[in-house]
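Heads up, the thing below is written out as structure tokens.
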Amino acid sequence: MALAMGAFIVGSDLFGSGPRSVFGGNQNNIGEIAGTNISRDEYQNAVQERENNYALSFNRQPGEKERPTLQSQAWELLILKYAIRSQFEKTGVKVTTDEIWDMVQGKNVDPNVKQSFTDSAGNFDRQRVIQFINNFNSPPPTNQQVYAQWAESKYRWDLFKKDLGLGRERIKYENLLIKTNYVTTAEAEHDYHNQNDVAEVKLLFVPFFAMSDSTVKASDSDLKDYYNKYKAKYKAKFTRSLNYVTFPVIPSADDSAKIKSDAEKIASDFRTVSEDSAFAVTNTEGQNPYKKYTVATLPSTLTKDKLVSGNVIGPFLSDGNYKIVKVVKVGTDTTYTAKASHILIRWDDETAPKKKIAKEKARKILNDIKGGASFAAKAKEFGTDGTSSRGGDLGYFTSGQMVKPFQTAVFNAKKIGLLPEVVETQFGYHIIEVTALKDNSSYTVASIELKITPSDDTHNAAFLKAQNFAAALSGVTAFREKAGKEKLNVLEAIDLSTNDQRIGNLGDARKVVTWLFRDGTEGKVSEVFDLDDDYVVAVMTGETEEGFRTFDQVKEEIAPAVRNLLKGKKIIEKLSTEKGTLDEMAKAFGRDALVNSSSDLKLNSNSLPSAGLDPSAVGRVFSLENGKRTPPFAGENGVIVLELQNKTIAPGVGDYAMFKNELLKNLNNRSGLNIAEAIKDGSNIKDKRYKFY
């Protein structure tokens, strides 16, 4: 028996994305977790276990897309082993064999076990579980093939039980911490008022952009003051940055001509073969080599005049590849298809007078079209459904897809064109133009697709160009200057982390990231990397150490915020001199000043009309007394003046249990997500896999 069971631990929130496979190196340690050095062998064994489990579950070896995830899972399992499980042990958390038994065949059976052992009615079959387990307590089969299946099932079962125990330990530990969560009645009452107190407020808002950047100048002193005040915002992880240029491997004219010649030879053979589907499957490089179409699903490259049984069409270009099509069979389908456009005129209600008005309007539009007016233009002007923007075009539709009166009118048409009378349905009156008559023809075709791929000569030419660019090149400035001379576009990748897999538009570029962190130094130019359709040359441009980004690194980033602070001061100065109502103050300031209001503002809304997201400003509203106004102050997006017109405090209630329970639920959910991350943060984890993978 094969158990397709997903391990609880592997499915938990502990896991993210990670790096690739081993390629050598002298150092044996790839990292440290909670004071324990992790060797390459131990890590690779954990990876192999994940890959084995994947192969057993999906009956194939993991590919390049799956392998990074499995490697990440292996690393997280080592974190679980050395960092998280030690916390379990400190609190006495453990899972006994009796508990495992209970989760497998007792009263609290794990959902994965239930799913894998169900009877024909979908009910859990405990006897099947017992028989399955007893099978491993008997002597192994002597037949080699049967033994292999037995060993595979036993391996999978042992791995599942191991993960089942780890998962239960994790739940127990989390529950110990989560059960310490508590919400006070005062907190619940505060949340009740956040949701139910209402303020009516009027505000004047002047966005920062109302003042030009040229009116203020942020000095280094201003920028440094801001940086020192908000330095915590610029906490940084260990990252490196690079510039790179690409040398795309694009098929040449000779490559295309060669593929076309091959396609012409295949087309010639296609005309004489009898086994059309087998020939197509053998020769195609595309998907769906044998398919049945209706007039509604025919590709634009196949027109009805060419769809004659036995006819070979092509080779022709389709989506950048050469395609050959052979019409295997022309027949009929049980479903009819037609195509039409319409203009729907709805009535205001279903009373006779209103319907009469709608019908007269529809008939007038119909007569205008009969007189030469554009159907599409009238549809855009008068249509009342979603098709109006595309000139009323409904596209193809099949039997039963439209309401009966509409379908009957279109399917009974004898020629394409405008129907002479409007058609009434439950939705209104329709003016209809039939663009394709009812048809139930079907076309079975065999298709061969040859991809236009670059030849070895084209690859070699691109590689040589990249190699010549990188030769004897050193330094960021020299890299950029040479790229400019050769008219190459220099691309930038900033703050790459050690575990990144992708760089910009390059897709999977792990080998470039590995070079960057293993061999890179500032100004060093890489070797030529082969990334599928591109050759790439990179230069390391900088590094950010773990800690805080320096002032110079964030200077340009914080400049807009500092300019806004300076502009805010000037706007406040100007508004402070104005008197009168908010409307009068806005008029005096100029056209960028906006006055808005809200009649149902609540503390938990976090945003204000015009001013946008600004929780602090919302808090100021509720600190005001009725009829009072704040002085101008700088908010998140501009300068604000608030005027409280009325504040309604919700009456107290005797029982805040509902609010307490909701707060506790949210607190528990957050705790469950954050416990593992908190343990990781305190475990001094040093992940140096990038030196090897």
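The simple Förster model, with R0 at 41 Å and r as the Cβ-Cβ distance, assigns Phe316 and Phe463 a FRET efficiency of 0.80.
Just how much of Trp101 is accessible, in Å², when a 1.4 Å probe is used and the result is rounded to the nearest 10? For Trp101, solvent-accessible area is about 140 Å².
Note that the chain presents 55 Å² accessible area per residue, ligands and nucleic acids not counted, probe 1.4 Å. Residue-wise HN-Hα couplings along the stretch 621-629, as the Karplus relation 6.51 cos²θ - 1.76 cosθ + 1.60 with θ = phi - 60° gives them from phi, are 4, 7, 8, 7, 8, 3, x, 8, 10 Hz; Gly and Pro carry x.
When peptides 383-393, 179-189 are ranked by their average number of other Cβ atoms within 10 Å per residue, the highest-first order is 383-393, 179-189. Positive end of the dipole of the stretch 130-241 (Cβ unit charges, origin at the Cα centre): among Ser221, Thr142, Thr239, the Cα lying farthest that way belongs to Thr142.
Looking at the stretch 233-313, the GluC sites (Glu not before Pro) that sit in a DSSP loop and have at most 16 other Cβ atoms within 10 Å of their own Cβ are Glu275, Glu285. Packing around the peptides 42-51, 502-511, taken as the average count of other Cβ atoms within 10 Å per residue, puts them in this order, highest first: 42-51, 502-511.
One decimal place: the segment Ser268-Asp348 gains 22.5 nm when fully extended, by the rule 0.36 nm per residue minus the C-alpha distance. Taking amide H atoms as placed 1.01 Å from N in the peptide plane, the amide H of Val295 lies under 5 Å from those of Ser441, each 5 or more residues away in sequence or on another chain. Applying 1/(1 + (r/R0)^6) with R0 = 56 Å to the Cβ-Cβ distance of Leu667 and Ile250 gives a FRET efficiency near 0.50. Helix content alone sets the calculated 222 nm mean residue ellipticity of the chain: runs of n ≥ 4 DSSP H residues at -39500 (n - 2.57) each, divided across all residues, give -13000 deg cm²/dmol.
Here the stretch 152-275 has an Rg and Dmax of 34.3, 86 Å, counting Cα atoms alone.
The apolar share of the surface of the chain, taken as the fraction of accessible area on carbon and sulfur atoms (1.4 Å probe, ligands and nucleic acids excluded), comes to 48 percent. For trypsin sites (Lys or Arg not before Pro), the sites in the stretch 213-267 that DSSP calls loop and that have at most 14 other Cβ atoms within 10 Å are Lys217, Lys237. With 0.36 nm allotted per residue and the present C-alpha distance subtracted, the Asp197-Lys555 stretch has 124.7 nm of extension available. Of the GluC sites (Glu not before Pro) found in the stretch 381-471, those that fall in a DSSP loop while having at most 14 other beta-carbon atoms within 10 Å are Glu421.
The values are calculated or read from the model by the stated rules, or taken from the named source; none is laboratory data. Since this is a predicted model, take the numbers as computed values, not measurements. Cβ coordinates were reconstructed from backbone atoms using ideal geometry, including for glycine residues, and neighbour counts include every protein chain displayed. Ligands, DNA and RNA are stripped out before the accessible areas are found, and what is left, the full protein with its side chains, is counted by its heavy atoms. Shrake-Rupley method; radii C 1.70, N 1.55, O 1.52, S 1.80 Å.
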